[in-house]
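See below for the structure under consideration.
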Amino acid sequence: MVAILLIATLSIVGALRPTDASASEYAGDLTSPIISVASPTPGATVGGIVSVTANASDNVAVTQVKWYVDGREIAWDGEGSPWTSSWNSTSVTDSLHEIIAKAGDAAGNWGTSQALTFTVRNTTVAADVTVTVDRTIPAGTSGLSTGATHTQYSLDPAGDSVAVANGKKLLAAATRYQNQHIYGWGAANPNPKPGVYDWSTLDRRIALIRSMGATPVITLCCAPDWMTSLATTTSEFRALPPTPDHYDDFTDLARRIALRYPDVKHYLVWNEMKGFWSNTINNWDYAAYTAMYNQIYDALKGIDSSIKVGGPYLVLEGTGSNRGDGSTQTPITPRNMQVIDYWLRYKRGADFIVVTRRVLDWHDRTSYSEGELLALPYLFASVSEQIRTRTSLPIWWSEDYCAGGGRLDYFTGNNDWLFQAACLASVLYHELKGGSAVSLRWQPQGVGGGIYYGNDENLFSDTRQGGGGQPFPSYWVYRSFHDFFSAGTPLYKATSSSPDVEVLASSTRVLLINKRPTSTTVDVNGGRITLARYEVRVL
């Protein structure tokens, strides 16, 4: 009886998995089955227990399917269609592998599929950085608008017509505000001698701004030579302020400008306190500046109360590394705060406060790596927060830089345009996070043949040259902030596991800034992406 049961058991097993020995019973069937691997799919990455499937057919019937990885049988199915089985992928190494499937029929005919390749990955490699965005938690609203300040060369009609058209299209799409000074930086002396006016270049620049649909801004600087300590009817442009006995004359010039351009509703009074330094107090002469500012403020408001006026356009010193002399101090320095406090206390009125600074202070000769500098833009938020403790006035950044300005003697990192873009993106990010209102990009047009290969933290290439008017990497940074994170955009909680990757989230977009000089893997809410070195990406 035992022998009979054993024979029966073997017969059942044999019936479940036919062998080639049964082929003699179907000698008339010589047609091989047709088979293809259905999964894993070509190029797939799998791990753990893997479902393997196949599509198979035969002129009579398919009775079994086998799967092979790298030539070794790994699974079998004799249950019929759908042909499927499972395989433990930990039996092979994490690498690229090849799979085929074979289908057999009752006559012993076998068909073989084409080989497909796939990847096994069972060792979990953590991402370099983890980013989490939670759109159920509001994180305030952006108040930041982007803008630009035209300087010596900027989309002028004497340039290449195609390049100028390209540059205008780019700038119009990335800025809300556009600013022009009244004397210097592309504008000739508007009042070369008492009673004589030349509005030609200023008219042209205001018309340029209007043609791009931007909100026009005028910076009331600098003073005609005859009003300054030069006391000459020249046009040397020494960037000097009017002497106190000419404050009335400069105020009259401001009044004429406001009347000439009634659509201009935003005015910045002066530029970087130029000419107001006092050796006596080792600080800017904030009292003299405020006296001039008040006269201009009263005059502009007297013409149109809707005009918005701001000052003091103060350069905030200090890199913030505290690794050397006073130029490495953490902003806002005590003497800078003296200027701000005096102006806030004694100004006649104001609609916004104007400041400017660099990540790398102009006077700082300490040696920094790119990584060390990219760790410092957070100070823009810190400065904004300090100002906010003094006033609720909107904060305008009339100029902001990473390490621009041609100081190749102490920093050459700006030769790398991607570094420039990542640094400026971080500056804008921290201005926004600090609650700033406006950020003006100084000199949007590059200077062909100039420093940093014609891109000194500019937005597009020199339009005086054929082929100019092309966007630099930093352009797309400003365009992204303008398009997706401009004033009024609701923000949501977004966190990063590393300060080297900064993140900003709206209801529909995520901005990522990779401040590393190498590619970086980032998991964003579980999805993995790879950011290139210094890449700024919007998802």
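The table that follows gives values for the structure above.
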read-out: Straight-distance crosslink candidates among lysines, where the alpha carbon sits under 20 Å from LYS301 and sequence neighbours closer than 8 are dropped; value: LYS265, LYS347
read-out: Taking the stretch 16-120 and dividing mean pair separation by its residue count, relative contact order in percent (alpha carbons under 8 Å, at least six apart); value: 37 percent
read-out: Space enclosed by the convex hull of the alpha-carbon atoms of the stretch 406-539, per residue, Å³; value: 126 Å³
read-out: Cα-projected label distance for ALA231 with VAL125, points at 7 Å along beta-carbon direction, nm; value: 7.5 nm
read-out: Fewest-first sequence of LEU230, LEU314 by Cβ atoms within 10 Å of each Cβ; value: LEU230, LEU314
read-out: Cross-link partners of LYS515 among lysines (Cα-Cα below 20 Å; sequence separation of 8 or more within a chain); value: LYS433
read-out: For the chain, size of Cβ-based charge dipole, Lys and Arg +1, Asp and Glu -1, in debye; value: 1520 debye
read-out: For the stretch 434-533, size of Cβ-based charge dipole, Lys and Arg +1, Asp and Glu -1, in debye; value: 160 debye
read-out: Calculated diffusion of the chain, Stokes-Einstein form, Kirkwood radius summed over Cα pairs, 20 °C and 1.002 mPa s, µm²/s; value: 77 µm²/s
read-out: Globularity index of the stretch 229-296, i.e. its alpha-carbon radius of gyration over 2.2 N^0.38 Å; value: 1.21
read-out: Whole-angstrom gap from the stretch 419-462 to the stretch 280-321, using each part's C-alpha centre; value: 25 Å
read-out: Contact order normalised by residue count of the chain, Cα under 8 Å, 6+ apart, percent; value: 15 percent
read-out: Semi-axis lengths (Å, descending) of the ellipsoid that matches the C-alpha gyration tensor of the stretch 129-234; value: 37, 19, 11
read-out: Principal-axis tilt of helix 417-433 within the chain, Cα atoms, nearest 10 degrees; value: 70 degrees
read-out: For the stretch 322-376, convex hull volume per residue from C-alpha positions, Å³; value: 91 Å³
read-out: Highest-first arrangement of 360-368, 195-203, 93-101, where packing means the average Cβ count within 10 Å; value: 360-368, 93-101, 195-203
read-out: Farthest toward positive dipole pole in the chain [+1 Lys/Arg, -1 Asp/Glu at C-beta], among PHE460, VAL46, VAL354; value: VAL354
read-out: Dipole magnitude of the stretch 152-297, debye to nearest 20 (Cβ charges: Lys/Arg +1, Asp/Glu -1, about Cα centre); value: 580 debye
read-out: Debye log10 I(q)/I(0) for the stretch 16-120, one point scatterer per Cα, at q = 0.19, 0.24, 0.25 Å⁻¹; value: -0.86, -1.23, -1.31
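Each value in this text was obtained by applying a stated rule to the coordinates, not by laboratory testing. This is a predicted model, so every value here is computed, not measured. Reconstructed Cβ throughout: ideal geometry from the backbone, glycine too, with neighbour counts over all protein chains shown.
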